[in-house]
């Protein structure tokens, strides 16, 4: 099931690039999220790892909840739906909604949210950042910290990795005068 999710994610996100780290392939982000989830749960929850691979498919591709439920499980589809932003809202509203909704998510969706933020912050920590890259890192890390505040307490290992990632971001900003 996990390898099928990785294959579907790679196929559906083919040609997409992520922010930060030189516009690397988007699949790298999905792999990081799934890998973090597998690590902190010792591989005990395959559906969670599958949802990690697929967490952006509904908002970034033509994939549907029904398709995910059919190919995987109802829980996988439900977790992905919980992690999907309403792309009809403007970005500031989507961000605020994530902060407000975080404490009410299922434990699995909270873990995916934290892993997603870890991956996205890490990708924004780049050597010799431009002013725009520093500003983006500072803005994203500040917002992500607010989202994750509502997700903590499910997995202490993942919480520590997030804290370490925020510390790395702050150190990078301090080094570059941000």
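The values are calculated or read from the model by the stated rules, or taken from the named source; none is laboratory data. No experiment lies behind these values; they were computed from the predicted model shown. A quick note on method: Cβ atoms are made from the backbone with ideal geometry, for glycine too, and the neighbour counts reach across all protein chains shown.
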- line: Considering the range 145-173, residues that are in contact with a helix residue (DSSP H, G or I) (Cβ under 9 Å, 6 or more places away or on another chain) and more than 27 Å from residue 80 (Cβ to Cβ), and then whichever is surrounded by the most Cβ atoms within 10 Å (Cβ to Cβ), we arrive at 172
field: Any hit, the range 109-120, residues being surrounded by fewer than 20 Cβ atoms within 10 Å (Cβ to Cβ), in a helix (DSSP H, G or I), touching a helix residue (DSSP H, G or I) at 6+ places or on another chain (Cβ under 6 Å) and modelled with pLDDT of 95 or more
entry: no
task: Would you check if there is a residue in the range 73-87 being modelled with pLDDT under 95, touching a helix residue (DSSP H, G or I) at 6+ places or on another chain (Cβ under 8 Å) and over 23 Å from residue 23 (Cβ atoms)?
output: yes
Index of the failed condition, residue 17 passing every other in (1) in contact with a strand residue (DSSP E or B) (Cβ under 9 Å, 6 or more places away or on another chain); (2) on the phi > 0 side of the Ramachandran plot: (2)
message: So if I check each of 176, 142, which one is exposed (fewer than 14 other Cβ atoms within 10 Å of the Cβ) and free of Cβ contacts under 8 Å to residues at least 60 places away in the same chain?
response: 142
